[in-house]
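A short worksheet on the structure shown next.
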Amino acid sequence: MASLSVKPGQRFTLPDWQNNSLLISADAEQQRYNSHHIRQEGRALRNETGNQARWDEHSSRTHLKDRITTVDRWREALARCLTDIDLEIDALTKVKEAAENAIQAKNLCLDVAIECLTFRESRRDIDVVRDPVEEELLKEVKVIEKTKKELQQRVDEAFKQLCLLKEARQQLNCDHRHKVEALELDRQCVSFNPTSGNISFKVNPTRVPNGTTELHEWEMNSQRNKEHAEAEMRASVDLRGAITLTIAQTNNELDAQRIATEFALRKRIRDMEGALSELRWQEQNTLEEIAEMEEEIRQLEEDIRKRTLDLKVAHTRLETRTYRPHIELCRDQAQYGLTDEVQQLEGIIRALQQKRTQSQDALDALYRQLHRIRTDIGYKTNSLQLDNKCMDTRKKLVVPVEKFDPQVDAVNRTRNLPRNSQLEL
């Protein structure tokens, strides 16, 4: 007879078996929950960090581009200033050479006067008198020597001013060169991207290098260099005018008066051109403001029309609700809301209408001002034409001092220099 074989070892009860299955299922669900939670957190972290990284890169790129724009504006301003100071150095050099030529020309006059005095020393007996001729010759010698001394002083001043101009130009050129290098580096930084081949980790990239300056110091340095150069150019312009005037004063009174008159006339033309330029600038800005104000009035009228339609809707709703029957005709929240809406809309419409009235008054004032500007432009244009005719007429005059005048006009050159308002950022 066969016997039952029983496997030795511990035997569990059915509840233990069920509890074990439930425990395994619960653990699996918990692990899946934990895994799902971690995956969601990881996805959120990836999205957040990715967006933050993209935003930070965009912000850095924007800052770099803004910095490039700022530095490039300064570079252009310094380049224009360099061009102006080069022109001024060339103009002052030519005026200085003209003054030196005038000194050389005076030597011949002095030799002639001394020779005449020497000849007159050969007079004898009663003819050796101090007559008006001798007095005039002696006066001529004194005048020539005084003129030479004044011209030599002007030459020395021009030499010192040239040194100052060249020093200012050197500072401008150094600042301009540094900004060109900085622009090249910043543009290279803008071109970097994650696929660039020349990117790598650097040692302590966030350090502050030695010699780092604050932003206001950087801007003040460029502003100081530009203002220093402009001041030296203005001083040079004044000096050139003084040298030219000194050369002109060595001639007779008629020549001096002609030079003074042409100087004043040229200055008047320059001032008139500046006034016309300012008036045309004001006219253009006024026209732009008129266009913007007209557009603003149209927008206000459109808003008034829209708010009026909204008010009609609110009125219609309130009126329609008055026909609710019996107990339904109550002051509910909708009633209060519509009432408030009507009051708000009426206040808005009144404010818009008041603003439209103010805008229309401002537009009328702009039109009146535009009429005044255009009338003044007509007056100044006529005056400028008359002054230019005077200049053309004065070209018929032939004055010996012209052979000693510098080739670059010390007055007209000032018109090529930029005004203070054009040089500011």
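The values are calculated or read from the model by the stated rules, or taken from the named source; none is laboratory data. Since the model is a prediction, treat every value here as computed from it, not as a measurement. For neighbour counting, all protein chains shown are included, and Cβ atoms are generated from backbone atoms with ideal geometry for every residue, glycine included. Side chains included, ligands, DNA and RNA excluded: accessible areas come from the protein's heavy atoms. Shrake-Rupley method; radii C 1.70, N 1.55, O 1.52, S 1.80 Å.
Would region 66-77 turn up any residue that is closer than 28 Å to Glu232 by Cβ, open to solvent by 70 Å² or more (accessible area, probe 1.4 Å) and part of a helix (DSSP H, G or I)? Within region 66-77 (the criterion being closer than 28 Å to Glu232 by Cβ, open to solvent by 70 Å² or more (accessible area, probe 1.4 Å) and part of a helix (DSSP H, G or I)), the answer is yes, since at least one residue qualifies.
Examine region 340-349 for a residue that is open to solvent by less than 90 Å² (accessible area, probe 1.4 Å) and over 30 Å from Tyr323 (Cβ atoms), and state whether such a residue exists. For region 340-349, residues open to solvent by less than 90 Å² (accessible area, probe 1.4 Å) and over 30 Å from Tyr323 (Cβ atoms): absent. All conditions in (1) closer than 30 Å to Gln170 by Cα; (2) in contact with a helix residue (DSSP H, G or I) (Cβ under 7 Å, 6 or more places away or on another chain); (3) among the basic types (Lys, Arg) hold for Arg73, with the sole exception of (2).
A quick yes/no check of all residues on (1) within 22 Å of Ala182 (Cβ to Cβ); (2) at pLDDT below 85; (3) within 30 Å of the chain's Cα centre (by Cα); (4) not polar (S, T, N, Q):
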site: Ser21; (1), (2), (3), (4): no, yes, no, no
site: Tyr33; (1), (2), (3), (4): no, no, no, yes
site: Arg54; (1), (2), (3), (4): no, no, no, yes
site: Thr62; (1), (2), (3), (4): yes, no, yes, no
site: Asp66; (1), (2), (3), (4): yes, no, yes, yes
site: Asp72; (1), (2), (3), (4): yes, no, yes, yes
site: Cys81; (1), (2), (3), (4): yes, no, yes, yes
site: Leu92; (1), (2), (3), (4): no, no, yes, yes
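Out of Ile304, Ile297, Ile290, I need the residue that is within 42 Å of the chain's Cα centre (by Cα), over 24 Å from Arg372 (Cβ atoms), open to solvent by less than 60 Å² (accessible area, probe 1.4 Å) and in contact (Cβ under 8 Å) with a residue 24 or more places away in the chain. Which one?
Values: Ile297 fails: over 24 Å from Arg372 (Cβ atoms); Ile290 fails: over 24 Å from Arg372 (Cβ atoms).
The unique qualifying residue is Ile304.
Take Asn34 and tell me if it is of a type in the set (S, T, N, Q) and open to solvent by 80 Å² or more (accessible area, probe 1.4 Å). Taking the combined requirement at face value, the residue does not satisfy it.
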